[in-house]
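Peer 1: Have a look at the structure that comes next, please.
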């Protein structure tokens, strides 16, 4: 029960901070939109099938928006010793990790909804078939991506090159997630049922569980000076 209260406290703090500044969501949204605009102008209408390109385009936008958000979220805690002060409170280190992870996930899911809506507008891509499966795959992929990203953003924030170090550390380790979600998204957009993505869904669930538990256990040692 104490862990649950600590997590709620952390999530509430993060949401109140973002509500006052709108810094993370705004930056993530702008970057995601810019990625879509670049792709929209890179492929003239009628030259390619956007239905087949949509999985890659969507997840490129999700990945870069997520990196920006997680990097900045942890950098805020390092400024003026906020993270040090947080660690001095009687809050479990794992609760700090889970609170940051849940908040990062909420922000990323909100931006993903915006990006998907703009993708439909820009590329005339239909998600009518298999919308539920698409939401499931996107959620599972986002959970695993944020679980790894939150841990590595804490590592990168303690260096002088955090903006460069986080993508260098995160993208190779998250590559299995990205492969799985792109394949699943492509199968769903082509009208495939759950049987077409069952293996990758199980893979994502296993990946999410392993990295959430592992990151929860090692976060305490990562944030120690």
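Peer 1: Confirm whether residue 128 is out of contact with any helix residue (DSSP H, G or I) (no Cβ under 6 Å at 6 or more places or on another chain), surrounded by fewer than 23 Cβ atoms within 10 Å (Cβ to Cβ) and in a helix (DSSP H, G or I).
Peer 2: no
Peer 1: Oh, and also: Return the total of residues in the range 74-112 being part of a helix (DSSP H, G or I) and exposed (fewer than 12 other Cβ atoms within 10 Å of the Cβ).
Peer 2: 5
Peer 1: Now for a different question. Exactly one condition in (1) loosely packed, with under 13 Cβ neighbours inside 10 Å; (2) in a helix (DSSP H, G or I); (3) in contact with a helix residue (DSSP H, G or I) (Cβ under 7 Å, 6 or more places away or on another chain) is false for residue 176; which is it?
Peer 2: Answer for residue 176: the failing condition is (1).
Peer 1: Between residues in the range 106-128 that are within 19 Å of residue 41 (Cβ to Cβ) and residues that are outside any helix (DSSP H, G or I) and at pLDDT below 90, which pairs lie under 6 Å by C-beta distance while being six or more apart or on different chains?
Peer 2: 119/125
Peer 1: Please work out if residue 158 is more than 13 Å from the chain's Cα centre (by Cα) and within 30 Å of residue 4 (Cβ to Cβ). Can you show your working first?
Peer 2: On the way: more than 13 Å from the chain's Cα centre (by Cα): yes; within 30 Å of residue 4 (Cβ to Cβ): yes.
The answer is yes for residue 158.
The values are calculated or read from the model by the stated rules, or taken from the named source; none is laboratory data. What you are looking at is a predicted structure, and each value in this text was computed from that prediction instead of being measured. Cβ coordinates were reconstructed from backbone atoms using ideal geometry, including for glycine residues, and neighbour counts include every protein chain displayed.
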